[in-house]
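**Student:** So that we are looking at the same thing, I have put the structure below in structure tokens.
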Amino acid sequence: MIHSSISEIIVQQEIVYDELARHNQIQNVKYQNIKYFMNTINGYVNNTPIDFLKAMDEMQNLDHNFDDNFIGFVNERTQECLQFIHKTKDDWYAEVVIGYGKKWEGYCWCADSKTQKITDMIRLFFEEVPWFGMIQWKMRRFKH
């Protein structure tokens, strides 16, 4: 009888520990207020919440054969905006809007890069850790 109750105590301790560990993991998940916009052959998406996995799916499905393709991500908390055009199977054009929002003066950081570098940079963007140094940028001003 003593052996049986000791086993029950150990099992209960393991369950409580698992629940506490799961609770701590949930608390460590950072809320992300990232939205995206996108133009595809199937239409336009605007100001829609997105997570990293959905972003990767949308990027992969962005058809480079459609001339007006683009996708962009906006972190509403940090006011950072990344935009991409899928040029060929493995080539991307990227922009970082400088001063994103109503006060935008037409400046962007622009670059061309390969899919793997773009994917790595987006992962860091979604993790909210330094991502800008992933590719070589050139500043450009667009008239608006």
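**Student:** I'd like the full set of residues that are surrounded by 15 or more Cβ atoms within 10 Å (Cβ to Cβ), of a type in the set (Lys, Arg) and either more than 9 Å from the chain's Cα centre (by Cα) or not in a helix (DSSP H, G or I) (or both), limited to the stretch 105-134.
**Tutor:** Within the stretch 105-134, Lys117 is the sole residue that qualifies.
**Student:** Quick one: is Asn42 over 14 Å from the mean Cα position of the chain (by Cα) and either surrounded by fewer than 15 Cβ atoms within 10 Å (Cβ to Cβ) or basic (Lys, Arg) (or both)?
**Tutor:** Working: over 14 Å from the mean Cα position of the chain (by Cα): yes; either surrounded by fewer than 15 Cβ atoms within 10 Å (Cβ to Cβ) or basic (Lys, Arg) (or both): yes.
Taking the combined requirement at face value, the residue satisfies it.
**Student:** Could you please find all residues in the stretch 72-104 being aliphatic (A, V, I, L, M) and in a loop (DSSP other than H, G, I, E, B)?
**Tutor:** Our first condition is that a residue be aliphatic (A, V, I, L, M); within the stretch 72-104, this holds for 74, 82, 85, 94, 96-98.
Within the stretch 72-104, Ile98 is the sole residue that qualifies.
**Student:** May I ask you to verify whether Ala55 is among the small types (Gly, Ala, Ser), more than 26 Å from Arg141 (Cβ to Cβ), under 18 Å from the mean Cα position of the chain (by Cα) and modelled with pLDDT of 95 or more?
**Tutor:** Judged against the criteria, Ala55 is a match.
**Student:** OK, next. Based on this model, can you work out whether Arg123 counts as farther than 23 Å from Phe52 by Cβ, out of contact with any Asp or Glu (no Cβ under 7 Å at 6 or more places or on another chain) and basic (Lys, Arg)?
**Tutor:** Working: farther than 23 Å from Phe52 by Cβ: no; out of contact with any Asp or Glu (no Cβ under 7 Å at 6 or more places or on another chain): yes; basic (Lys, Arg): yes.
No, not satisfied.
The values are calculated or read from the model by the stated rules, or taken from the named source; none is laboratory data. The structure displayed is predicted, hence computed values, not measured ones. Cβ coordinates were reconstructed from backbone atoms using ideal geometry, including for glycine residues, and neighbour counts include every protein chain displayed.
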